[in-house]
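A.B. asks: The structure's right below; bear with me while I get my questions together.
The values are calculated or read from the model by the stated rules, or taken from the named source; none is laboratory data. A quick note: this is a predicted structure, and the numbers were derived from the prediction, not measured. We place every Cβ from the backbone using ideal geometry, glycine too, and count neighbours over all the protein chains shown. Please note that ligands, DNA and RNA were not included when accessible areas were found on the heavy atoms of the full protein model with its side chains. Shrake-Rupley method; radii C 1.70, N 1.55, O 1.52, S 1.80 Å.
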Amino acid sequence: MKDNYNRDITYLRISVTDRCNLRCTYCMPEEGIDLIPHNDLLSFEDIVEFTRTAVSMGINKVRLTGGEPLVRKGIVDLVRMLWNIEGIKDLSLTTNAVLLKEFAKPLKNAGLQRINISLDSLDKERFAQITRRDKLTEVLEGIEEAIRVGFKQIKLNCVIEKSKNEPDAVAVSKYAEEKGLQVRFIRTMNLEKGEFWIVDGGEGGNCSICNRIRLSSCGKVLPCLFSDLGYSIREFGNEKAILLALENKPKSGTVSSNNQFYTVGG
Ligand code: SF4
């Protein structure tokens, strides 16, 4: 499906929860957040039905995000249900890997194709400073398990201040090289200020070739991360909400005061 700027929209990012087991300083306040009431979160049936409609309209690449998707109970079942939808060519997930040691194999068996793993530092203290949790060991064990069970093209998402020459980023690059992983550098973004950059090693943030729409964890179709536009599938239905998102997808991102990274999955 095409938007008004002739961009081919083939990529759907689905936030399955606003919950997370880390508190990264650039994403979540230390005290946590007012969680979306569980009943307001989309059910798996809602997500699958929506994705089926989106695939029938031209989506073929789906990524699961959060918050942290692995804290959503039954996530492996959701992956299996989505992978059974004919027409999905690429099913992936972005995780902070804290729980990945436990989930890597079941996710692989359920049909998950690719994994992106958030890793901003290999220094235990720095990691704890950035994420406000002492979980580096679990994350590295999760990465090892993802490699062991055979995930290919594992990508590390490394958030940087300004440059990939920052000490943490250099260490993550070296680690990725040693493990045969890819690394992408994401400059810290600010939704309210409209600060974002093209992802180094990826396509995110490149508005001229943007191919994505998002589904938030409480059922809004978002045409753009850096915009306050959103269309509720509960109000408009799946197809109409997607069509509205396409019709109103901005040429490029500006600012967003409604979205938070943990409710729309970055
Ligand atoms: S800011 Fe909006 S238009 Fe630009 S790449 Fe991101 S989602 Fe696409």
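A.B. asks: Expressed as a whole number of Å, what is the distance separating the alpha-carbon centroids of the stretch 213-239 and the stretch 48-121?
C.D. replies: For the stretch 48-121 versus the stretch 213-239, the Cα centre distance is 19 Å.
A.B. asks: Another question, if that's okay. About its Cα centre, how strong a charge dipole does the chain have in debye, to the nearest 20, once Lys and Arg get +1 and Asp and Glu get -1 at the Cβ?
C.D. replies: Using only the charged Cβ atoms, the result is roughly 620 debye.
A.B. asks: Follow-up question, since we're still on this one. Is the shape of the stretch 39-95 rounded, prolate or oblate, going by the alpha carbon gyration tensor and its root eigenvalues a ≥ b ≥ c, with a/c under 1.5 for rounded and a/b larger than b/c for prolate?
C.D. replies: Prolate.
A.B. asks: Working from Cα positions, state the angle (0 to 90°, nearest 10) between the long axis of helix 136-148 and the longest principal axis of the chain.
C.D. replies: Roughly 70 degrees, rounded to the nearest 10.
A.B. asks: Another question about this same structure. Give me a comma-separated list of calculated 3J(HN,Hα) values for the stretch 188-201, in order, Karplus coefficients 6.51, -1.76, 1.60 applied at θ = phi - 60°, integers in Hz, x for any Gly or Pro.
C.D. replies: 3, 9, 9, 5, 6, 8, x, 9, 7, 9, 5, 5, 6, x
A.B. asks: Moving on to the next point. For the chain, the longest stretch holding no GluC sites (Glu not before Pro) located in a DSSP loop with at most 13 other Cβ atoms within 10 Å is which?
C.D. replies: 87-160
A.B. asks: Here's another thing I want to ask about it. What are the residues whose amide H is under 5 Å from the amide H of VAL183, where those residues sit 5 or more places off or on another chain and H is modelled from the backbone?
C.D. replies: LEU156
A.B. asks: Once you order the gyration tensor axes a ≥ b ≥ c over the Cα atoms, which shape class does the stretch 207-266 get: rounded for a/c under 1.5, otherwise prolate or oblate by comparing a/b with b/c?
C.D. replies: Oblate shape, in that a/c is at least 1.5 and b/c is the bigger or equal ratio.
A.B. asks: How far apart, in nanometres, would the label points at LYS162 and GLU178 be if each is projected 7 angstrom from Cα along the Cα-to-Cβ direction?
C.D. replies: Rounded to a tenth, the inter-label distance reads 2.9 nm.
A.B. asks: Let me ask you something else. For the chain, with a Gaussian network of springs between Cα atoms less than 10 Å apart, report the residue from ASN190, ASN238, ASN39 with the top mean-square fluctuation.
C.D. replies: Between ASN190, ASN238, ASN39, it is ASN39 that shows the largest mean-square fluctuation.
A.B. asks: Taking the Cα-to-Cβ direction at LYS152 and at GLU30 and moving 7 Å from each Cα, how far apart do the two end points lie in nm?
C.D. replies: Placing both labels 7 Å beyond Cα along the Cβ direction yields 4.5 nm.
A.B. asks: In whole angstrom, and with the biggest value first, how far do the Cα coordinates of the chain range along each principal axis?
C.D. replies: Extents along the principal axes: 47, 40, 35 Å.
A.B. asks: How would PHE226, PHE103 line up by accessible area, probe 1.4 Å, largest first?
C.D. replies: Sorted descending by solvent-accessible area, the residues read PHE103, PHE226.
A.B. asks: Which value in Å is the Kirkwood Rh of the stretch 80-168 over different Cα pairs?
C.D. replies: About 14.0 Å, per the Kirkwood formula over Cα pairs.
A.B. asks: Let me ask you something else. May I ask what percent, to the nearest 5, of DSSP beta bridges between residues of the stretch 97-196 are antiparallel?
C.D. replies: 10 percent
A.B. asks: Next up: Please work out the FRET efficiency for the pair GLU125 and ASN21, using the Cβ-Cβ distance as r and a Förster radius of 30 Å; give the result to the nearest 0.05.
C.D. replies: 0.95
A.B. asks: While we're looking at this one, here's another question. May I ask for the angle, rounded to the nearest 10°, between helix 100-110 and the longest principal axis of the chain, with both axes built from Cα atoms and the value confined to 0 to 90°?
C.D. replies: Relative to the chain, helix 100-110 is tipped by roughly 40 degrees.
A.B. asks: ARG63's amide H: which non-local residues (gap 5+, or another chain) put their own amide H closer than 5 Å, with H modeled 1.01 Å from N in plane and none for Pro or chain starts?
C.D. replies: Excluding prolines and chain starts, which carry no amide H, the hits are LEU12, ARG13, ILE14, SER92.
A.B. asks: Let me ask you something else. Subtracting the Cα-Cα distance from 0.36 nm times the residue separation, let me have the gained length for ARG80 to VAL199 in nm, one decimal.
C.D. replies: Result: 39.9 nm gained on full extension.
A.B. asks: Here is a follow-up. Can you work out ³J(HN,Hα) from phi for every residue in the stretch 8-19, in order, using Karplus 6.51 cos²θ - 1.76 cosθ + 1.60 and θ = phi - 60°, giving whole Hz and x for Gly and Pro?
C.D. replies: 7, 9, 10, 10, 10, 9, 10, 8, 9, 6, 9, 7
A.B. asks: Say each of PHE236 and ASP46 gets a label point 7 Å from the Cα, pointing the same way as Cα to Cβ; how far apart are those two points in nm?
C.D. replies: 1.6 nm
A.B. asks: Which cysteines does the chain leave without a neighbouring Cys Cβ under 4.7 Å?
C.D. replies: Cys with no partner Cβ under 4.7 Å: CYS20, CYS158, CYS207, CYS210, CYS218, CYS224.
A.B. asks: For every helix of n ≥ 4 consecutive DSSP H residues, a contribution of -39,500 (n - 2.57) applies; sum these over the chain, divide by its total residues, and give [θ] at 222 nm rounded to the nearest 500 deg cm²/dmol.
C.D. replies: Theoretical 222 nm ellipticity from helices: -9500 deg cm²/dmol.
A.B. asks: Using only Cα atoms and rounding to the nearest 10 degrees, what angle (0 to 90) does helix 44-57 make with the longest principal axis of the chain?
C.D. replies: It is inclined by approximately 70 degrees.
A.B. asks: Going down the list LYS73/LYS174; LYS162/LYS251; LYS105/LYS162; LYS135/LYS240; LYS164/LYS220, which pairs span over 32 Å between their C-alpha atoms?
C.D. replies: Over 32 Å apart, Cα to Cα: LYS73/LYS174; LYS105/LYS162; LYS135/LYS240; LYS164/LYS220.
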